Structures are given as structure tokens and as C-alpha cells.
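All of the numbers you see were taken from the coordinates with simple rules; none came from a lab. Keep in mind that this is a model prediction, so the values were computed, not measured. All Cβ positions, glycine included, derive from the backbone under ideal geometry; neighbour counts span all protein chains shown.
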Amino acid sequence: MDRLRITGQTPLSGSVKISGAKNAALPILFASILSKEKSVIKNIPLLADINTTLRVLDALGLKTLFKLDDHTIEIDGSSLNSLEAPYELVRTMRASVLVLGPLLARNGEARVSLPGGCAIGARPVNYHLTAFERMGAKFDIEGGYIHGKAPNGLKGAFVRLPFPSVGATENTLMGAVLADGDTLIQNAAREPEIADLARALRSMGAKIEGEGTSNIQVKGVSELKGMNHSVSPDRVEAFTFLASGLITRGKVTVEGIDATYLQSALELLTQAGAKITNTPNSVTAEFVKDLTKVSFTTEPFPGFPTDMQAQFMALLTQAKGTSHISETIFENRFMHVPELVRLGAKIQIKGNQATVEGPTPLSGATVMATDLRASASLIIAGLAAKGDTLLRRIYHLDRGYEQIEQKLSQLGAKIVREHEK
């Protein structure tokens, strides 16, 4: 098992290229199931979750080829011969439930293990199942598996989601593109990754309107061709690097991303005292004065993303005053707090609210990652800490950040990967 050793208090400076977004790439890869033709998907990040997704597709009989050098995956959809996503793969990644919509849409049946992944909340799949029941599917859950059938195919329907769930929106959208008739998804998630999935599906011949709004309209078609698509940049990775630069009193530019992907986060960074500049294809965050307190609530897009909450909390340990954070998306998303406290942070939790007192001197310690974004927050804190921070259980980190220690090293960080015996 690997760990990271971070020697803190070195200002970061320079630019870093942002990888393709994990949260966009995963549903797009699963969307390849919808076609019997070959799909070509570019700008794929090199992540553990991508490898797990390919193993799921391989288990379904699809032929996959990952060209690592140019971050491109080719998928031959003609060889689909299984309708089951097995437990040993799905248990490590909640996004695996996204095979449900494509399999029901293409073959009228799916058997998918109940998903696993980061232990940050329940994230129930009932929103997904209720949507497909509206479209004519029937489900049994037995032995830890969801078994869905739509023997007459999915039918277009009115689907109102009780919450703008990203996963439920993606699954419903992928099911609707091959459904018989029109589907309206109301209270749909508006995240940029939804819009990217819609663009990928449209390249296959799907008829979709309204992505990026709360109402997505889909006209079902009888078949889809293979896609040719490039995955959008990872806004969460971009924010992680911007926060890393600021906490070290440096200046970091993230390349390959539009500032509109980060609007709510950049507004808060500006409010905290950072200098933000951008071009059509880059964003720069510069430390120009001591950071000050800010308070925010995590919300569905266009609000502040839950996937950036832990990183911002780490940054706020070095901001003057008392900051308040309300987490409204996942009930267990403060598991990084005890580890930040081990580094010297002053944070108190009450229900779904965190209070952060700053600025607080941080000192290196051994800490343990509890989930993907918690891992990033501990790296950020370690970059500001005096001495060495040892971050353990970084397999969480490898699920969502491509070679993060190498990219941070390019910016001047003192960070190395070590093998633990």
C-alpha cells in the first residue's frame, strides 16, 4: 500500500494542465453500451475508477482498448453478451449503477449489484428505480442485486426527480434516449457533467434538449451509432490545485478549463481575498493578502459543489476569522475533520454544520484518508503544515486524481509517493 509524504510551507507557483473529469467520463463510458458500433472517447483521465469501469464493460462482453499515451478509449459495443454487473466490481464504485439505464434501454433487462464506493452517505438508488418504473420497468432486489426487466422496452414518460440527483439524472437520460416516445425529466441535475453526457449522446444520434436546465426533453430513437467525444475538464481537480496554491501563499494557473465551470467557487475565493484572473481556457488564483473568513452551503449546481467542500475547509483553516460550512448533499461528508484536527486545525461539527477558526498553525502528522475528496483536503493542509505530513490510504485519492503528486511537484511542492510495507 502506498502513502504520500508532504513537506509543507513551500509556495506553489506555475501552471498545471487539468485532466478530463472523472464525473463526466464514467457515465459517458457506460453510455457506450447503448450502441452496437465502436465508440471513441478522448481526454480520459488515468484513474482507478476508469479501470474499474472498463472491467465492468469487459464483464458485459464489450471489447475495450485504453490507449494510455493519448488518453483515449475505444469500445466495441457489438459484443455485448451479459446483462450483469457483478458485485466484485460494483462494490468499489457507486457509479457502476449507471449501467442500469443503458442495459434496460438496449436489451430490456439488467442485473446490477447494489453499489459501493466512498462511505460519505447513503446515496440511495431508489430515485433511479422509480424513474425507470415510470418508463415501464419492473424491479426485484434480492441477494444484493437489482434485477430490472422491461420486456417490451422502455417507454417515454414524465419523470420528476424528488431531488436533482446527478446519478439519477444521468441514468434516466441514458434510458430515455432509446425509449419509445418522449421523456421529460423534471427537476433534473444541472451540473456540467450532465451537459457533457448529453453532448456525447447527441454525437450518437440521440435527440436531447434542455441539458443544463432543470427540464431535459428526450425524443427516443430506435438505435444509436457509436460516439466520438472528448471528455470535459475536471472542475474539482482544478479547484483542488487553486486551493493548494492559495494555502501556500502562491500563484497557480489551471489550464484547459473555462471559469464558468468554477463560478461559485471562484466567487468565494475572491470574497476570501484571493486574486482571480482568467482567460477563455485558464484560471489563475494568486495570494495577494491574508485570506479572510467566508461561509457557504453546499448545493446542487450552480451552487457550491459538495465535491469541493473538504478542500475549501482545509484552505479556511488559514483564513482570518470564523467560517461556517453547511453540508446539505451527503450526511457523512465531514469525515476529514478529525484528520485535519490532527494537523492542528480548529474545527467543530454540529449536525451538518462545521465551524472553522483561523488562521491556525498546522504541523505535520500521520493522517488517514477516509474518502476521495477528504484525501485532497489533507494534501492541501499538509502543504501548509510545518514539517512532514504522511497521508495513508491514498487508494481513495487514486480513484479521482491523475498523478496528483507529479502535478503538484511541477508547481514546486515537496511531495513524494512512498510504499508502505
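Things worth noting here:
- Within the shell defined by Cβ-Cβ distances under 11 Å, the residues around residue 111 carry a net charge of -3, with Lys and Arg each +1 and Asp and Glu each -1.
- Cα coordinate range in the chain, projected on the principal axes (Å, largest first): 63, 44, 40
- Greater than 23 Å apart at Cα, pairs in 251/386; 251/414; 38/407; 386/407: 38/407
- With a cut-off of 18 Å on the backbone N, the residues of the range 144-170 near the modelled label site 7 Å out from residue 219 along Cα-Cβ are 155-158.
- Charge-dipole axis of the range 22-230 as Lys and Arg at +1 and Asp and Glu at -1 on Cβ define it, positive-most pick from 143, 194, 99: 194
- Applying 1/(1 + (r/R0)^6) with r as the Cβ-Cβ distance of residue 297 and residue 388 and R0 = 45 angstrom yields a FRET efficiency of 0.85.
- Farthest toward positive dipole pole in the chain [+1 Lys/Arg, -1 Asp/Glu at C-beta], among 239, 273, 396: 273
- Ranked 246, 316, 129, 12, criterion: other C-beta atoms within 10 Å, fewest first: 129, 12, 246, 316
- Dipole-positive endmost among 370, 321, 352 within the range 304-385 (Cβ charges, Cα centre): 321
- Taking only the Cα atoms of the range 323-391, the ratio Rg/Rh comes out at 0.95, with Rh defined as the Kirkwood radius.
- Across the chain, the relative contact order, built from alpha-carbon pairs under 8 Å that are at least six residues apart, equals 21 percent.
- Folded to 0 to 90 degrees: helix 48-59 orientation relative to the chain principal axis, Cα: 10 degrees
- Order of 339, 286 - criterion: other Cβ atoms within 10 Å of each residue's Cβ, fewest first: 286, 339
- Placing +1 on the Cβ of every Lys and Arg and -1 on the Cβ of every Asp and Glu, with nothing else charged, gives the range 1-157 a dipole about its Cα centre of roughly 300 debye.
- Length released on extending from residue 109 to residue 350, taking residue separation times 0.36 nm less the Cα-Cα span: 82.3 nm
- Dipole in debye (nearest 20) - the range 70-200, about Cα centre, beta carbon charges: Lys, Arg +1; Asp, Glu -1: 460 debye
- Cross-link reach is defined here as a Cα-Cα straight distance under 16 Å, omitting same-chain residues fewer than 8 places apart; for residue 320 the lysines meeting it are 289, 293, 346.
- Taking every DSSP helix (H) stretch of at least 4 residues in the chain, weighting each as -39,500 (n - 2.57) and dividing the sum by the residue count yields a mean residue ellipticity at 222 nm of -8500 deg cm²/dmol.
- Given charges at beta-carbon only (K, R positive; D, E negative), |dipole| of the chain in Debye: 580 debye
- The chain: antiparallel DSSP beta bridges as a percent of all, rounded to 5: 75 percent
- Listed from fewest to most Cβ neighbours within 10 Å, the set 251, 421 follows the order 421, 251.
- For residue 9, the residues whose modelled amide H falls within less than 5 Å of its own, excluding neighbours fewer than 5 places apart on the same chain, are 384, 385.
- Only Cα pairs under 8 Å and 6+ residues apart enter the sum, and on that basis the relative contact order of the range 1-122 stands at 23 percent.
- Distance cut-off 23 Å, percentage of C-alpha pairs in the range 257-345 lying past it: 25 percent
- Placing a label point 7 Å from the Cα of residue 271 along the Cα-to-Cβ direction, the residues of the range 285-304 whose backbone N falls under 11 Å of that point are 293-298, 304.
- Length-normalised contact order of the range 22-230 in % [C-alpha pairs under 8 Å, at least 6 apart]: 21 percent
- Loop-located GluC sites (Glu not before Pro) in the range 211-250, at most 13 other Cβ atoms within 10 Å (DSSP): 223
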